[in-house]
Each structure stands twice: as structure tokens, then as C-alpha cells.
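Enquirer: Handing you this structure, nothing more for now.
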Amino acid sequence: MKIKYDLHVHSALSPCADDDMTPVTIVGYAKLSGLDAVAVSDHNAIGNVAVALAAGEAYGVCVVPAMELQTAEDIHVLCLFDTLAHLTAFFEAIDFQKIGNRADIFGNQLLYDEDDNVVGNEPRLLHIGANIAVDDVPELAKKFGGVAVAAHVDREENSMLQVLGEVIDEYAAVELSKHATDEHKRLVADKIVITNSDAHWLDRIGTACGTMEVAELSAKAIVQALQTGK
């Protein structure tokens, strides 16, 4: 079956995202936008994923457990998993820097419940590289049944092409934005390519979504498609 997806959306847990980006609102907006699948993929954090999964059950939207990891080289990697348990195990296996956030400088890092109430503010600064090398991420994700995607490789900031000059062999899948040029597409012609919005505001959700063929509408089937290219 063919599905419409946006697998890179930031909730208000990411310091660079708007405070209106609650996990429930994101999933509801995805439904209204005609998406079949969405992923709340915050910077170096997974605290709003469980609420998003519950919202997905309520709205009939497939929510893929996810996180956007920032590596030691400051490269962004979209990490997608079939279950919250596997995402959590992956998250707990990473050594994150313990530097406190300054909300007045970097922005809020908000946690929400299923009624859109703020229930916490993550104290650890999330917009900073973790203590893991970019070439080690795919194998760690695979260990927990997930897939690592080189994020927004056509961007000038925090992209693998910008930092390393290439997409390394360890990455079979890459993400392009709607602004990707023919040259960007040529550089990743041998990769599995997905297109996402990288939305930080509600009206961006689904603006650069993609389609893919999957065996069924589930996080497991989506992850398997990205792992195998089938």
C-alpha cells in the first residue's frame, strides 16, 4: 500500500520549536493534513513520543517512534524505530552531554501530557552533540531494530554532506528537503531517499512530505522499508 508520511517533526521539547507544537496537536494536524504516518523526532530527546503514540491511536495516524540525534561531529541523524521500547533502549545506550539549558537563550524544552498540559521542562540542553560518532549510529540503531537516516543532507547546517563532504557508506538512507537541488539528488542517487518537512511550526507539517510503498500501515513496516529499500 502507498502511504503519505512526514517522519521529521519537532515538538516543543526541541528548544528551536514553537511552544504550540504539542505532541497531540502535531498528530491531530497530521491527520487533518491527510498524512498516514508521522514521527515526533526531537533533538536528542524522546520525552513526548509516548503521548504522540497515544494520540496516534486516538486519531488513526501511524506514529513512528523517533529522535533526531546530534552526533559528536554536530551532524543530525534521524533515528526511527518500530516500538517505543526499542527507541528507549537506543536512547539509553547513548552518552549525552550533561549541560544545563538556558531557556532564555536557547528556548523552552517542554514536556506535555495527553491533555496538552505542560508537565515538565527538560533541564538538559538538547541542542548539543552527544558523545557518539556519526559512523557508529547506524549499527547501534540496527541493534535495537531501528534505522538511521542522514538528516536533511541538502542543508548547509548540521548535514553530513556539509560536514563530511559525502554521505558515508554506513548510511543506506538519507533525507532531502523540498529545496534539494539536482546536484544534491545526484550525490545521493545510490541511497534510499525520503522527504520530510523538519517542521518546527504547525503550518509546516506535511509541507514536504513523501510517499512510500509499505506492506502495511505500521511503524514496523515503515522501518523495514527504510532498512531494506523495499
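The values are calculated or read from the model by the stated rules, or taken from the named source; none is laboratory data. Bear in mind that the values here come from a model prediction, so they are computed numbers and not experimental data. As a convention, Cβ positions derive from the backbone with ideal geometry for all residues, glycine included, and neighbour counts pool all protein chains shown. The area values use the complete protein model at the heavy-atom level, side chains included, leaving out ligands, DNA and RNA. Shrake-Rupley method; radii C 1.70, N 1.55, O 1.52, S 1.80 Å.
Enquirer: I'd like to verify a number: residues in region 173-230 that are assigned to a helix (DSSP H, G or I), touching a helix residue (DSSP H, G or I) at 6+ places or on another chain (Cβ under 9 Å) and farther than 21 Å from His43 by Cβ, how many?
Expert: Going through region 173-230 one residue at a time, the tally reaches 3.
Conditions (1) of a type outside the set (Gly, Ala, Ser); (2) more than 14 Å from the chain's Cα centre (by Cα), marked per residue:
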{"position": "His43", "(1), (2)": "yes, no"}
{"position": "Ala58", "(1), (2)": "no, yes"}
{"position": "Val64", "(1), (2)": "yes, no"}
{"position": "Leu69", "(1), (2)": "yes, no"}
{"position": "Ile75", "(1), (2)": "yes, no"}
{"position": "Ile105", "(1), (2)": "yes, yes"}
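Enquirer: What is the residue count in region 1-45 for residues that are open to solvent by 10 Å² or more (accessible area, probe 1.4 Å) and in a helix (DSSP H, G or I)?
Expert: Total meeting the criteria: 6.
Enquirer: Moving to a separate point now. Name the residues in region 170-195 that are acidic (Asp, Glu) and modelled with pLDDT under 95, would you?
Expert: Asp182, Glu183, Asp190
Enquirer: Is there a residue being within 23 Å of Ser159 (Cα to Cα), hydrophobic (A, V, I, L, M, F, W, C), touching a His at 6+ places or on another chain (Cβ under 8 Å) and at pLDDT 95 or above anywhere in region 39-57?
Expert: Initial filter on region 39-57 (within 23 Å of Ser159 (Cα to Cα)): 39-46.
Cutting the leftovers down to hydrophobic (A, V, I, L, M, F, W, C) gives us 39-40, 45-46.
Retained after the next criterion (residues that are touching a His at 6+ places or on another chain (Cβ under 8 Å)): 39-40.
Filter once more, so that each one left must be at pLDDT 95 or above: 39-40.
So far as region 39-57 goes, yes, one or more of its residues are within 23 Å of Ser159 (Cα to Cα), hydrophobic (A, V, I, L, M, F, W, C), touching a His at 6+ places or on another chain (Cβ under 8 Å) and at pLDDT 95 or above.
Enquirer: From the residues in region 178-197 that are small (Gly, Ala, Ser) and crowded, with 19+ Cβ neighbours inside 10 Å, which one is farthest from Leu161 (Cα to Cα)? Don't jump to the end; show me each part of the working.
Expert: Going residue by residue through region 178-197, those that are small (Gly, Ala, Ser) are 180, 189, 197.
Then keep just the ones that are crowded, with 19+ Cβ neighbours inside 10 Å; that gives 180, 197.
Numbers: Ala180: 12, Ser197: 19 Å.
The extreme case among them is Ser197.
Enquirer: Now for a separate question. Evaluate region 58-65: report whether one residue or more is surrounded by fewer than 24 Cβ atoms within 10 Å (Cβ to Cβ), in contact (Cβ under 8 Å) with a residue 40 or more places away in the chain and assigned to a loop (DSSP other than H, G, I, E, B).
Expert: No, the conditions are met nowhere in region 58-65.
Enquirer: Right, here's the next one. How many residues does region 155-172 contain that are in a loop (DSSP other than H, G, I, E, B) and either within 17 Å of the chain's Cα centre (by Cα) or among the hydrophobic types (A, V, I, L, M, F, W, C) (or both)?
Expert: Applying the first criterion (in a loop (DSSP other than H, G, I, E, B)) to region 155-172 yields 155-159, 165-172.
Right, trim to either within 17 Å of the chain's Cα centre (by Cα) or among the hydrophobic types (A, V, I, L, M, F, W, C) (or both) and you get 155, 157-159, 167-168, 171-172.
Final tally of qualifying residues: 8.
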